[in-house]
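Peer 1: I'd like to ask some things about the structure below.
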Amino acid sequence: MLHQLPKRGTWTDQPASKWEDALVSGNGSQGVMVFGNPVHDTIIGNHCRLYLPQGNSYDLPNMAPYLEEMRKIIREQGYEKAISFYYQKAKEHGYQGLTMSDPSHPGFHLHIETDHQYYSDYKRSINYETGELSVSYKVNDQPYMRKTFVSQDCNQIIHYLSPGCYTIKLADYQHPKMSQTSMIDGATIHTHFDYRYSDAGYDVLINLIAEGVKPLSDSDGFEVNSEKSILIRMEITPYKNRAERKIIRKPLSYPKDYATLFAKHVSIHQEMFERVKLSLATDQERQQSIWSLVEYAKQQGQITPVLLEKMYDAGRYMYICSAGELTPNLQGIWTGTFDPAWSGDFTFDTNVELSIAAALSSNLLEGLQGYFRLIKELMPGFRENAQKYYGARGVMAAIHSSNSGKHVHWNEEWPLHLWTCGAGWLAHWYYQYYHFTGDKLFLQHEVVPFLEDIVLFYEDFLTEDPDGTYRFTPSYSAENGAADNATQDVAVAKEVLTNLSEAYQILCYPQEKIKKCHDMRDKMPAYQVNEDGALKEWLTPKKGENYNHRHFSHLYPVFQSREFNNETDPAMWQAAQTAFDKRLEAWLLNEEADTSSTHGRMHSALCATQFHMPALIDDIFRLLIDHNCFYSSLMMSHYNEQEIFNVDGNGALPQVVHEMLVDFNNGRLTVLGALPPSLPKGEINGVCLPNQIIVKRLKWNIETKQLELQLVSKIDQVVKLYFPLYPEVEKNNQHITLQQNKQVSFTMNLYKES
C-alpha cells in the first residue's frame, strides 16, 4: 500500500520520541496520539472529559463580609496590604491557598511491538483534510503501513495494521488516584477506571478484528499473527457517577473493514475542513517534509507561503479535532501525561479565547456548541464565585477550570480572584455568534440571559465616585498587576452593556431596559492616556505602566471588542497604537523580555492586523519559526524551543490570517489591511465575517497589481470598502450595496494607473 504524502498536512521521516511530537487526530470528543515507532509504537487515547480529581477542596471561603474593609485598605494603604489582609481572612475561613484545577490526563496507552528493528524508507504523516494519520516503512523490501483516525461517524478510534506478527498490550497506569481493572472477552479488552476522589471514572474498549489473536496471560493484551490486515477499534466512555455507568461488553455493530469506516468518517471531516481554503503554494511545495520547509524558512529569514499555509491549516485542523463536545483546553484534546502544565485546563484569561478565535470566521459553528455547553456546565461555580467573593448576584468566571467553575486558583502572589471581567470576555463569542448567524432564538435564549447575569454582577459590584462615575475596585489586569479601574475591566463592561442594549432593541424589549444599559455605560470611567501618549493599562494615576509583559489586556478595545478605530475615535486610536508600540519595544521585540509566549505573540499579531502593520506580522511569524515554537504536527508550544505543548496559538493563527486579508467592523470592510510582504500572491475562499457576510473569493497578486473579490451577504446592507495599504484603489472608502443572497464581484487594480 503506497503512502500518499498529504498536500494539506505534514510528514517527517522520523518517529516521535515524546508524546508532544506524536501525530494527532480527533473528532471533538475523543483524540488520539500516535508515536509511529515501527518496533515499539505507542497509541495514546484521549477524551475531552478526562480530568483526574485530586481530592482538593473546592469550598469557597465566604469573603463577601470583608469586601468593604478590603476596599478601605486599598484606598488608605494600597493593594499589597489589602490583598494580604484578604488572603489571611480567606485562610482563616479554611481556604487552602492557590489550588490547581483537576488536570487533564490520557485515557490509555496502547503499546504495539514488533521485531521490525531493521526498517527503511520510513515516513509518518498527518492529513489535515481527512484526519488520517499514516506510518509507512519497509523491512527487507516488504512494505508495512499503519493508519489511524478518530471517526466523526461512529465515535471510535480506528487503527489499521498491515498483516504480520504483533504484541499489542494496554499499559497499566498504576496511578495512586485511580484504579484500573481489565478483562478480556474474545478479541476485546474491557478496562474500567475508577477515580479515587470522586464517583466518576471511565471505561475503555479495545477490540481487535484479525486472524491468529491470542490473549496474553495478564488480561491486558494479545499476541497477533495475522496474514490479513488487522483492525483495532478503541473507545473511551466517561461517566459522572458509578450508578450511571454503562458497561460496554461488546463492540458496537459497525463495519469491520477500515475502508468503509474511513469513508463514512472522511465525508464529515473533509466537508468541515474545506469550508474555508487558503491557497498560497503549489502541490509540489506542499508535499515537502515539514522540517525541510521549516529549515528553508529559517534560511530565508521569514515565513514562506507554503509554511504559512500549513500553519493555517494546522490551526483549523486543531479546532476540528478538539471542539464539539466541549472546547479546546490548553492542549486541545490531547495529552500524554498526568501532570500537564497548568493542569492542561480551560484557562480563561486569554488562552481559551485565542483557541476559539477563528471558529466563526472559519465557519466551524458546531465547535462553538461545545464552548457554550462548557460555560453552561461551569455556571453554578461562576455564580458561587460572585456570591462568595463579592456578595453579588450574577456570575464571575474563574480563570482556571476543569471539573468545576469555582475560583480557587489565587493567592497573594497571584491575586487572580480580583479579575472580574472573565465572564464578559467569554460572552463576546455568544454575541458574535448572533452577529455571524443572525440566529434570534440563540440571541434570546442564550445571549441575553448570559449578558443579564453579567450585568447583575456589575450592579452589585461596582462602586461610585463622588461624581457618579463607576469604580472597579478591586481590579486586576490579567497577570500584570492590581489597581483600580483596569482598562480591560472597563472595556469588557462597555462591550457587555452595548451588546445587551443592541440585543434588547433587536428583540423589542421594553425601552426602560435599553435605557438602563445606556445609563450604566455612560457612568463607566473614561480611558486615560499617560505621559508617553499611551493608553493606560489602569485608569488611575496611582499605577504606572509595565510595558514588559506578555498580556495585551488593555488593548481589548482594539483586538476584541473593536470599540473604536482610526475614524470613530482618532485620538484614542493613536493612544492605543502608542501603547502597543511600547509593548512591542519592551516585550515582543526585546530579547531580554520577561518570558517568551506564543499567546502573547498571537495577541500582538491580532493587534497588528488592526493597526495595519504587515511587516510586524511577518516578524511574529518569523519569531515562531526561529524559536522552534511548534512540533512536527505543527501543534504549537507555549514557550520557545518546544517547551510545553499548547494550542491556543494554533487557534488564533487562522484568525490573524483572516484579519490581515479581509476584516469587517464598524460597517467597514477592510481588504488586505495587513498583507505581509512574504505573501505577494494567494487566494482565500469561504471566510465568514460579522453581519452574515461570506467572502466567496479573495485573490490577490501584488506583482500584477490585481485583486479579485467576491462577496455574498445573507442580509441587505451597505458596507464601506477600505484599503489602508492601497489608498489609491478606485473603490477605497466607497460604499457598496449588498443585497440578500446576491453575489457581488469586483476586479480592482491595487495601484493607481499612471
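Peer 1: Does segment 371-378 contain any residue that is over 25 Å from Y51 (Cα atoms) and more than 18 Å from the chain's Cα centre (by Cα)? Working first, answer last.
Peer 2: If we filter segment 371-378 for residues that are over 25 Å from Y51 (Cα atoms), which is where we start, we get none.
Checked segment 371-378: no residue is over 25 Å from Y51 (Cα atoms) and more than 18 Å from the chain's Cα centre (by Cα).
Peer 1: Would a scan of segment 129-136 turn up a residue that is closer than 30 Å to T473 by Cβ, open to solvent by less than 20 Å² (accessible area, probe 1.4 Å) and either in contact with a strand residue (DSSP E or B) (Cβ under 9 Å, 6 or more places away or on another chain) or modelled with pLDDT of 95 or more (or both)?
Peer 2: Filtering segment 129-136 down to residues closer than 30 Å to T473 by Cβ leaves none.
Within segment 129-136 (the criterion being closer than 30 Å to T473 by Cβ, open to solvent by less than 20 Å² (accessible area, probe 1.4 Å) and either in contact with a strand residue (DSSP E or B) (Cβ under 9 Å, 6 or more places away or on another chain) or modelled with pLDDT of 95 or more (or both)), the answer is no, since none of the residues qualifies.
Peer 1: Which condition breaks for R124 when tested against (1) open to solvent by 10 Å² or more (accessible area, probe 1.4 Å); (2) assigned to a strand (DSSP E or B); (3) out of contact with any helix residue (DSSP H, G or I) (no Cβ under 6 Å at 6 or more places or on another chain)?
Peer 2: (1)
Peer 1: Considering segment 138-182 alone, what residues qualify as being open to solvent by 60 Å² or more (accessible area, probe 1.4 Å) and either acidic (D, E) or under 29 Å from the mean Cα position of the chain (by Cα) (or both)?
Peer 2: Residues satisfying the conditions are D141, D153, D172.
Peer 1: Take G97 and tell me if it is at positive phi and open to solvent by 20 Å² or more (accessible area, probe 1.4 Å).
Peer 2: Working: at positive phi: yes; open to solvent by 20 Å² or more (accessible area, probe 1.4 Å): no.
In short, no.
Peer 1: Now a separate question. Out of the residues in segment 412-433 that are open to solvent by less than 30 Å² (accessible area, probe 1.4 Å) and more than 20 Å from the chain's Cα centre (by Cα), state the one that is farthest from L378 (Cα to Cα). Talk me through it step by step, then tell me what you get.
Peer 2: The initial filter retains those residues of segment 412-433 that are open to solvent by less than 30 Å² (accessible area, probe 1.4 Å), namely 415-431, 433.
Still in the running and more than 20 Å from the chain's Cα centre (by Cα): 415-420.
On the way: P415: 21, L416: 18, H417: 16, L418: 19, W419: 17, T420: 16 Å.
Once the filter is applied, the top-ranked residue is P415.
Peer 1: Ok, one more. Which of the residues belonging to segment 500-527 are within 20 Å of F564 (Cα to Cα), assigned to a helix (DSSP H, G or I) and open to solvent by 20 Å² or more (accessible area, probe 1.4 Å)?
Peer 2: Answer for segment 500-527, where residues must be within 20 Å of F564 (Cα to Cα), assigned to a helix (DSSP H, G or I) and open to solvent by 20 Å² or more (accessible area, probe 1.4 Å): E502, H518, D519, R521, D522.
Peer 1: With the structure loaded, tell me whether T148 is farther than 30 Å from Y58 by Cα, assigned to a strand (DSSP E or B) and of a type in the set (S, T, N, Q) or whether it fails that test.
Peer 2: On the way: farther than 30 Å from Y58 by Cα: yes; assigned to a strand (DSSP E or B): yes; of a type in the set (S, T, N, Q): yes.
It is true that T148 is farther than 30 Å from Y58 by Cα, assigned to a strand (DSSP E or B) and of a type in the set (S, T, N, Q).
Peer 1: Then there's this: Restricting the search to segment 332-359, which residues are open to solvent by 10 Å² or more (accessible area, probe 1.4 Å), farther than 20 Å from G405 by Cα and touching a strand residue (DSSP E or B) at 6+ places or on another chain (Cβ under 7 Å)?
Peer 2: Of everything in segment 332-359, just one residue is open to solvent by 10 Å² or more (accessible area, probe 1.4 Å), farther than 20 Å from G405 by Cα and touching a strand residue (DSSP E or B) at 6+ places or on another chain (Cβ under 7 Å), namely G336.
Peer 1: Let me ask you something else. Which condition does V32 not pass, out of (1) of a type outside the set (G, A, S); (2) under 22 Å from A314 (Cβ atoms); (3) modelled with pLDDT under 95, if it passes all the others?
Peer 2: (3)
Peer 1: Follow-up question, since we're still on this one. Among the numbered conditions (1) without any contact (Cβ under 8 Å) to a residue 24 or more places away in the chain; (2) β-branched (V, I, T); (3) assigned to a loop (DSSP other than H, G, I, E, B), tell me where T737 comes up short.
Peer 2: Single failed check for T737: (3).
Peer 1: Which residue is surrounded by the most Cβ atoms within 10 Å (Cβ to Cβ), if the candidates are limited to segment 454-492 and must be in a helix (DSSP H, G or I) and among the hydrophobic types (A, V, I, L, M, F, W, C)?
Peer 2: To start, the set of residues in segment 454-492 that are in a helix (DSSP H, G or I) comprises 454-461, 487-492.
Checking the rest, the ones that are also among the hydrophobic types (A, V, I, L, M, F, W, C) come to 454-457, 461, 490-492.
On the way: I454: 30, V455: 20, L456: 16, F457: 25, F461: 22, V490: 23, A491: 24, V492: 27.
Checked segment 454-492; the qualifying residue surrounded by the most Cβ atoms within 10 Å (Cβ to Cβ) is I454.
The values are calculated or read from the model by the stated rules, or taken from the named source; none is laboratory data. On a predicted model such as this, the values are computed, not experimentally measured, just so you know. Note that each Cβ is placed from the backbone with ideal geometry, even for glycine, and that neighbours are counted across all protein chains shown. The area values use the complete protein model at the heavy-atom level, side chains included, leaving out ligands, DNA and RNA. Shrake-Rupley method; radii C 1.70, N 1.55, O 1.52, S 1.80 Å.
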